[in-house]
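S.K.: Take this structure first; my questions come after.
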Amino acid sequence: MTQAPAKPKICIVDDDPFLLDMYNLKFQQAGYEMCCFTDSEEAVAHLRQNQGFSAILLDLIMPKVDGFDVLRAIREENLCDEKTVVVILSNQGQDKDIERAESFGIDGYLIKANTLPSEVLDYVHNLINKKSEAAS
């Protein structure tokens, strides 16, 4: 008996529980396995113990540890491989924030207030497919 392929895993880090639940549901309905965190320190601890995510979606403005510090930890500690898509999902849309995030080698940047959850799903799904094809 052949085993069904593993579902692609997505990690979302956002301190807004309502948005987190909404994205969690949207991605689960599309067939993704989800890990969601409202606490960025817990997210980094989880990433240190668990690899193999297809994508990490990250808010920038969070209590305790902001998204830039999470990005720094991801890159400095190699908490994801080259196939993992890293997308900023934030309401910080100033050029300086985007440029700073891009300096960490992110794959995309979305402004939450301007993007429907279905658009976020499509955007992330397309990035995952593109990066997966490029790696093979």
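S.K.: Out of E76, E42, E102, any idea which swings most in a Gaussian network model of the chain, alpha carbons joined below 10 Å?
M.R.: Ranking E76, E42, E102 by mean-square fluctuation puts E76 first.
S.K.: Still on this model: List the residue ranges in the chain for DSSP H helices whose C-alpha atoms run 24 angstrom or more along the long axis and whose Kyte-Doolittle average is -0.5 or above.
M.R.: In the chain, the long hydrophobic H runs are 117-135.
S.K.: Which residue, V65, V13, V120, has the most motion in a Gaussian network model of the chain that connects Cα atoms within less than 10 Å?
M.R.: V65
S.K.: Would you kindly state how much longer the chain becomes between R75 and E119 on full extension, computed as 0.36 nm times their sequence separation minus their alpha carbon distance, in nm to one decimal?
M.R.: Details: separation 44, 0.36 × 44 = 15.84 nm, distance 2.64 nm.
Fully extending the segment from R75 to E119 adds 13.2 nm.
S.K.: Please work out which option in (1) 22, 17, 16; (2) 39, 18, 12; (3) 28, 21, 13 gives semi-axes √(5λ) of the Cα gyration tensor in Å calculated from these coordinates, and answer with its label.
M.R.: Computed from the coordinates, semi-axes √(5λ) of the Cα gyration tensor in Å corresponds to (1).
S.K.: For the stretch 7-87, what class follows from the C-alpha gyration tensor (a ≥ b ≥ c being the square roots of its eigenvalues): rounded when a/c is under 1.5, otherwise prolate if a/b is larger than b/c, else oblate? Mind showing how you got there, number by number?
M.R.: Values: a/c = 2.00, a/b = 1.13, b/c = 1.78.
Oblate, since a/c reaches 1.5 and b/c is not below a/b.
S.K.: Please identify, among L57, L19, L110, the residue showing maximal mean-square fluctuation in a Gaussian network model of the chain using a 10 angstrom Cα cutoff.
M.R.: Looking only at L57, L19, L110, the largest GNM fluctuation is found for L19.
Computed from the coordinates by the stated procedures, all read-outs in this text should not be read as laboratory data. Please read these numbers as outputs of a predicted model, since none were measured by experiment.
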